[in-house]
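**Student:** What follows is a single structure, and I will ask about it in a moment.
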Amino acid sequence: MKPTGNTILMTGGGSGIGQALAHRLHADGNRVIVAGRRRAALDETIAGRDGMAAAVLDIEDPAAIADFAATLIADHPALNVVINNAGIMRMEDLTTARDLAAAEAMIVTNLLGPIRLTNALVDHLMAQPDAAIVNVTSGLAFVPLVAGPTYSATKAAMHSYTLSLRHQLHGRVEVIELAPPGVQTDLTPGQAVRDGYMPLKDYIDEVMGLFGQRPTPAEILVDRVKMLRHAEADGQFDQVMAGLNGAV
């Protein structure tokens with residue numbers, strides 16, 4: 001992915017990693033469109049920044065995604081980079097029957113949403129120079145957090161989808177996976193100040209350094225997430241799983 005001169009769509013751009021990364025990409029000379037459900041948060045993200053724009057997107061609604069994509073292409077025909085960052089995380093107790101609304105919402109937002117949006121934009125991207133798709137997964141794609149089983153599963157599925165997408169689009173659209181560790185954001189209650197989670201600024205600084213490498217790595221992995229990413233290959237999966245979740 002070229003470092004500057006892109007027109008970038010960032011979903012989930014109103015807060016957390018999406019907002020911080022959007023600001024840094026914009027500062028490096030890219031035009032950035034942030035998308036999300038909350039107009040007020042998007043407007044705050046772009047306030048005072050020429051070259052940034054905001055668009056409301058309901059990532060759960062297939063029809064809304066199709067309409068959004070058509071309008072986006074019409075308004076920003078130079079669009080060449082899509083960063084699928086929007087996601088939600090809920091904790092779940094699997095030991096008893098429960099309302100599955102939260103699980104279903106995570107599957108729709110974290111998995112079906114990016115697949116639908118990518119599908120809606122892929123023809124346009126295939127015709128663009130220097131096109132790229134960045135899928136934001138998680139270290140939990142490789143070693144699950146048992147308290148967040150559906151979230152972890154959606155990220156594992158996005159990792160697998162990204163591998164296939166990269167293979168099919170090879171030579172036409174660059175496909176990159178960004179897999180964060182636990183970062184101090186508002187993804188879950190209290191996470192923004194939780195000890196042991198990576199400070200957001202430190203995470204974005206390291207990520208931007210990795211994006212600056214040539215060629216861009218196929219997987220953007222900060223040092224803190226590599227233990228999770230490589231646990232199985234290193235023969236350490238059981239130990240890392242126990243360390244992440246506590247021995248059962």
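**Student:** Please work out if residue 70 is without any contact (Cβ under 8 Å) to a residue 60 or more places away in the chain, within 20 Å of residue 116 (Cβ to Cβ) and out of contact with any Gly (no Cβ under 9 Å at 6 or more places or on another chain).
**Tutor:** Numbers: without any contact (Cβ under 8 Å) to a residue 60 or more places away in the chain: yes; within 20 Å of residue 116 (Cβ to Cβ): yes; out of contact with any Gly (no Cβ under 9 Å at 6 or more places or on another chain): yes.
Judged against the criteria, residue 70 is a match.
**Student:** Now a separate question. Name every residue in segment 218-246 that is touching a strand residue (DSSP E or B) at 6+ places or on another chain (Cβ under 8 Å), part of a loop (DSSP other than H, G, I, E, B) and over 15 Å from residue 159 (Cα atoms), in order of residue number.
**Tutor:** Within segment 218-246, 222 is the sole residue that qualifies.
**Student:** Would you say residue 200 is touching a strand residue (DSSP E or B) at 6+ places or on another chain (Cβ under 7 Å) and either among the aliphatic types (A, V, I, L, M) or farther than 23 Å from residue 8 by Cα (or both)?
**Tutor:** So residue 200 fits the description; yes.
**Student:** Within segment 170-190, restricting attention to residues that are under 18 Å from residue 141 (Cβ atoms) and polar (S, T, N, Q), which residue is farthest from the chain's Cα centre (by Cα)?
**Tutor:** Among those residues, the one meeting the criterion is 188.
**Student:** Which of the residues spanning segment 28-45 are in a helix (DSSP H, G or I) and closer than 22 Å to residue 211 by Cα?
**Tutor:** Selection gives 45 alone.
**Student:** Residues being part of a helix (DSSP H, G or I), surrounded by fewer than 16 Cβ atoms within 10 Å (Cβ to Cβ) and not hydrophobic (A, V, I, L, M, F, W, C): count how many of those fall in segment 98-146.
**Tutor:** Residues in segment 98-146 being part of a helix (DSSP H, G or I), surrounded by fewer than 16 Cβ atoms within 10 Å (Cβ to Cβ) and not hydrophobic (A, V, I, L, M, F, W, C): 3 in total.
**Student:** Can you find even one residue in segment 10-27 that is touching a Leu at 6+ places or on another chain (Cβ under 9 Å), within 21 Å of residue 214 (Cα to Cα) and surrounded by 15 or more Cβ atoms within 10 Å (Cβ to Cβ)?
**Tutor:** Yes.
**Student:** Against the definition (aromatic (Phe, Trp, Tyr), more than 25 Å from residue 114 (Cα to Cα) and either surrounded by 18 or more Cβ atoms within 10 Å (Cβ to Cβ) or at pLDDT 95 or above (or both)), how does residue 211 come out, yes or no?
**Tutor:** no
**Student:** Now, a different point. Looking at (1) more than 13 Å from the chain's Cα centre (by Cα); (2) farther than 22 Å from residue 90 by Cβ; (3) not hydroxyl-bearing (Ser, Thr, Tyr), which one does residue 219 not meet, given that it meets all the others?
**Tutor:** It fails just one condition, (1).
**Student:** Same structure again: Could you say whether any residue in segment 135-154 is at pLDDT 95 or above, out of contact with any Cys (no Cβ under 9 Å at 6 or more places or on another chain) and over 26 Å from residue 242 (Cβ atoms)?
**Tutor:** Residues of segment 135-154 at pLDDT 95 or above: 135-154.
Cutting the leftovers down to out of contact with any Cys (no Cβ under 9 Å at 6 or more places or on another chain) gives us 135-154.
Checking which are over 26 Å from residue 242 (Cβ atoms) leaves us with 135-136.
Yes, because at least one residue in segment 135-154 is at pLDDT 95 or above, out of contact with any Cys (no Cβ under 9 Å at 6 or more places or on another chain) and over 26 Å from residue 242 (Cβ atoms).
**Student:** Regarding residue 56, is this residue within 19 Å of the chain's Cα centre (by Cα) and without any contact (Cβ under 8 Å) to a residue 60 or more places away in the chain?
**Tutor:** yes
The values are calculated or read from the model by the stated rules, or taken from the named source; none is laboratory data. Keep in mind that what you see is a predicted model, and the values were worked out from it rather than measured. With ideal geometry, Cβ positions are generated from the backbone for all residues, glycine too; neighbour counts draw on all protein chains shown.
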